[in-house]
Amino acid sequence: MYDNSTMETGKRTLSVLLVLVAFLAFWQLAVMLLRPPEYLLPSPVAVAKELGTAPEWYLSHAVRTIGATLLGFAAALGLGFIAAVGIVYSRILENTLYTLLVALNSIPKIALAPLFIIWMGTGLTSKVAVSFTIAVFAIVVDTVLGLRSIDPDALDLFKSVRATPLQILIRLRFPNSLPYLFAGMKVAISLALVGAIAGEFVASQAGLGYVILAAQGSFQTTRVFAAIVLLGVLGTILFFIVEVLEWVVCPWHVSHRERS
Amino acid sequence: MSESAQIAAFENVPGAGDVRIHAVDKTYPGRSGSVTALKDVNVSVKGGEFVSILGPSGCGKSTLLRCVAGLDHPSQGSITLGGQPIDAPPLDMGFVFQRDVLLDWLNVINNVLLPCKLKKLPIHQWKPKALALLKLIGLAGFEHRRPWELSGGMRQRVAICRALLLNPTLLLMDEPFGALDAMTRDELNLELQDVWLSNAKTVLFVTHSISEAVFLADRVLVMSRSPGRIVDVIPVDLPRPRTLSVRETPAFTKYVAHIRQLFESFGILRGTNVR
Ligand SMILES: Nc1ncnc2c1ncn2[C@@H]1O[C@H](COP(=O)(O)OP(=O)(O)O)[C@@H](O)[C@H]1O
Ligand SMILES: [Mg+2]
């Protein structure tokens, strides 16, 4: 079973890589044949060269963006989880906090970015705040769902040995919610990155969002592409880390999913 | 006091594993009127007795078992275990559900030890018992497997070990083998009998299989629905330990035929409801 699924994963990764390589080759070829001006469409090779000219500079900006993303994500995870527990255990919180969250979710959270800049300045804090705001909803909703979807028989099992409500939370509801929590985390980590970039777009002196905006202002399209490539790699790595964590923390869920 | 009177007085005193169900009604309030799940149920089970509860689905078997377990409460009447009224799940009770409800995040041994953990008993003291139970039921060497690596039969065996861990005087089983294939079911019937013979405890075993009910039980409670009530109590007088071949003996088939006729007379069995 393990061998099979590892092979499946390997095959899928390989095909994704192949498609990516083919796409880059096609792009390179098209640029070489059609010769568009570089400020419209640079070739992949040019973008790679651009990254090679100042790797430390790009890295320092990437670190800023990663910092804002991870801080926003961590805050969303921590506060979102606590809020979810509160919502599941308290009618009042369900009727106030949860209702409010659901209502506010229809606002495109990126629209709030300028507000956070006004309130918190152009530094890291405002980026973290946007990142948090945009990511937290996914965590809360999925965790609430996970804490609630308990097999009634499992609940009876715990009650039959007179488990306390706290034991039911810690030993049943919490582990049961982990697969749901990870589903929320996978959405949230991508959204947290979007939030950090959005914050950087509005006002900043550093970060990949800043790099993109500054380069765009001076028509350095190759540099824009270089930053976008870095963001793509970054997003993929962050998502992958959450996947690996899921594999380690709730292997039962991963195995169920692979079977179906 | 004469000797016979003394014995009579003694017999009136409930033993540790005695279950007395007295005039129990259970109604569930519903949107379209209330549902009467149990009506005037009276049962007296002696400590160490194996009783099967047999009936078509929806006749209140689970409701009755949940009331005995203290997970639900009768609307009328009373239930006692060892003379004590049951108003919370008794401490010396084990429950096996139709679905095994193993916790995915725990390995086999920790699933078996769950009651011990929840009751804050010293794990190291109970671990040998857990291992012995697993061995008894044919799962030696599987302690560190995860539930999702096991077959349905193995999973239910683990659930039985979990229910037996704290050596309960009362074991309640709600269609524990209902989801298993026929052959695994036969195996588990034999293993359950072994477990029970090695350490007699009161067992209430819910099933909708006539032959399973007869095979396992000292007495079969036959239930009918709308409203759920006990229509007959049939003592099964077959020598133990019973082997699977007992099912082909005339005595066994007579019990089965008798119960089938009983269901037919209540208009329940027209071939499919009860096997
Ligand atoms: N929690 C409940 N609320 C309302 N009705 C219930 C509930 N539990 C059981 N019932 C009803 O009581 C009857 C008996 O159910 P149950 O005890 O589960 O039957 P069985 O286990 O014999 O199949 C059924 O009609 C069922 O719909
Ligand atoms: Mg039932």
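The values are calculated or read from the model by the stated rules, or taken from the named source; none is laboratory data. None of these values were measured; they are calculated from a predicted model. No Cβ is skipped: glycine too gets one built from the backbone with ideal geometry, and neighbour counts run over all protein chains shown.
Results for (1) out of contact with any strand residue (DSSP E or B) (no Cβ under 8 Å at 6 or more places or on another chain); (2) small (Gly, Ala, Ser); (3) at pLDDT 95 or above, shown as yes or no for each residue.
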residue: A:Glu38; (1), (2), (3): yes, no, no
residue: A:Val47; (1), (2), (3): yes, no, no
residue: A:Thr65; (1), (2), (3): yes, no, yes
residue: A:Ala83; (1), (2), (3): yes, yes, yes
Looking only at residues that are within 16 Å of ligand 2 (Cβ to nearest atom) and part of a strand (DSSP E or B) in segment B:52-96, which one is nearest to B:Ala16 (Cα to Cα)? B:Phe95
Assuming B:Phe95 fulfils every condition listed in (1) crowded, with 21+ Cβ neighbours inside 10 Å; (2) within 15 Å of ligand 1 (Cβ to nearest atom); (3) more than 14 Å from chain A (Cβ to nearest Cβ) apart from one, which condition is it? (3)
Within segment B:38-53, how many residues turn out to be within 13 Å of ligand 1 (Cβ to nearest atom) and at pLDDT below 95? 3
Residue count, segment B:56-88 (criterion: touching a His at 6+ places or on another chain (Cβ under 7 Å) and under 21 Å from B:Ser226 (Cβ atoms)): 4
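Among the residues of segment A:119-137, is there at least one that is over 19 Å from the mean Cα position of the chain (by Cα), of a type in the set (A, V, I, L, M, F, W, C) and not in a loop (DSSP other than H, G, I, E, B)?
Here is the first cut: in segment A:119-137, the ones over 19 Å from the mean Cα position of the chain (by Cα) are A:119-123.
Narrowing further to those that are of a type in the set (A, V, I, L, M, F, W, C): A:119-120.
Pick out the ones that are also not in a loop (DSSP other than H, G, I, E, B) and you get A:119-120.
Yes, segment A:119-137 contains a residue that is over 19 Å from the mean Cα position of the chain (by Cα), of a type in the set (A, V, I, L, M, F, W, C) and not in a loop (DSSP other than H, G, I, E, B).
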Within 14 Å of chain A (Cβ to nearest Cβ), under 21 Å from B:Ser62 (Cα atoms), aliphatic (A, V, I, L, M) and within 16 Å of ligand 2 (Cβ to nearest atom) - does that describe any residue in segment B:180-192? no
Taking segment A:137-165 as the region of interest, how many residues are within 11 Å of chain B (Cβ to nearest Cβ) and either among the charged types (D, E, K, R) or more than 27 Å from B:Asp174 (Cα to Cα) (or both)? 5
Among the residues in segment B:165-173, are any farther than 20 Å from B:Asn199 by Cα and either more than 13 Å from chain A (Cβ to nearest Cβ) or of a type outside the set (Phe, Trp, Tyr) (or both)? no
Tell me the residue from B:Leu103, B:Leu64 that is within 14 Å of chain A (Cβ to nearest Cβ), in contact (Cβ under 8 Å) with a residue 24 or more places away in the chain and either hydroxyl-bearing (Ser, Thr, Tyr) or crowded, with 18+ Cβ neighbours inside 10 Å (or both), please. B:Leu103
Can you name the condition, by its number, that B:Gly58 falls short on among (1) within 16 Å of ligand 1 (Cβ to nearest atom); (2) at pLDDT below 95; (3) in contact with a helix residue (DSSP H, G or I) (Cβ under 6 Å, 6 or more places away or on another chain)? (3)
On the basis of being over 19 Å from the mean Cα position of the chain (by Cα) and of a type in the set (Val, Ile, Thr), does A:Val45 make the cut? yes
Contacts under 8 angstrom Cβ, first residue in segment B:113-142 being within 14 Å of chain A (Cβ to nearest Cβ) and over 14 Å from B:Ile160 (Cβ atoms), partner of a type in the set (S, T, N, Q) and in a helix (DSSP H, G or I), 6 or more apart: B:Lys117/B:Asn110; B:Leu118/A:Gln167
Can you confirm whether A:Phe201 is within 19 Å of A:Phe132 (Cβ to Cβ), among the aromatic types (Phe, Trp, Tyr) and either more than 14 Å from chain B (Cβ to nearest Cβ) or in contact (Cβ under 8 Å) with a residue 40 or more places away in the chain (or both)? yes
Among the residues of segment B:67-91, which ones are away from chain A (no Cβ under 11 Å), in contact (Cβ under 8 Å) with a residue 12 or more places away in the chain and not hydrophobic (A, V, I, L, M, F, W, C)? B:His73, B:Pro74, B:Ser75, B:Gln76, B:Gly77, B:Ser78, B:Thr80, B:Gly82, B:Gly83, B:Asp87
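Could you identify the single residue in B:Asp194, B:Asp186, B:Asp218 that is acidic (Asp, Glu), under 29 Å from B:Gly70 (Cα atoms), surrounded by 15 or more Cβ atoms within 10 Å (Cβ to Cβ) and at pLDDT 90 or above?
On the way: B:Asp194 fails: surrounded by 15 or more Cβ atoms within 10 Å (Cβ to Cβ); B:Asp186 fails: under 29 Å from B:Gly70 (Cα atoms).
Selected residue: B:Asp218, the only one of B:Asp194, B:Asp186, B:Asp218 that is acidic (Asp, Glu), under 29 Å from B:Gly70 (Cα atoms), surrounded by 15 or more Cβ atoms within 10 Å (Cβ to Cβ) and at pLDDT 90 or above.
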Which helices (runs of 4 or more DSSP H) sit wholly inside segment B:159-275 and have at least 2 residues that are farther than 30 Å from B:Thr36 by Cβ and hydrophobic (A, V, I, L, M, F, W, C)? B:182-198, B:250-265
Report whether or not A:Val233 is assigned to a helix (DSSP H, G or I), free of Cβ contacts under 8 Å to residues at least 40 places away in the same chain and either among the β-branched types (Val, Ile, Thr) or within 30 Å of A:Gly123 (Cα to Cα) (or both). yes
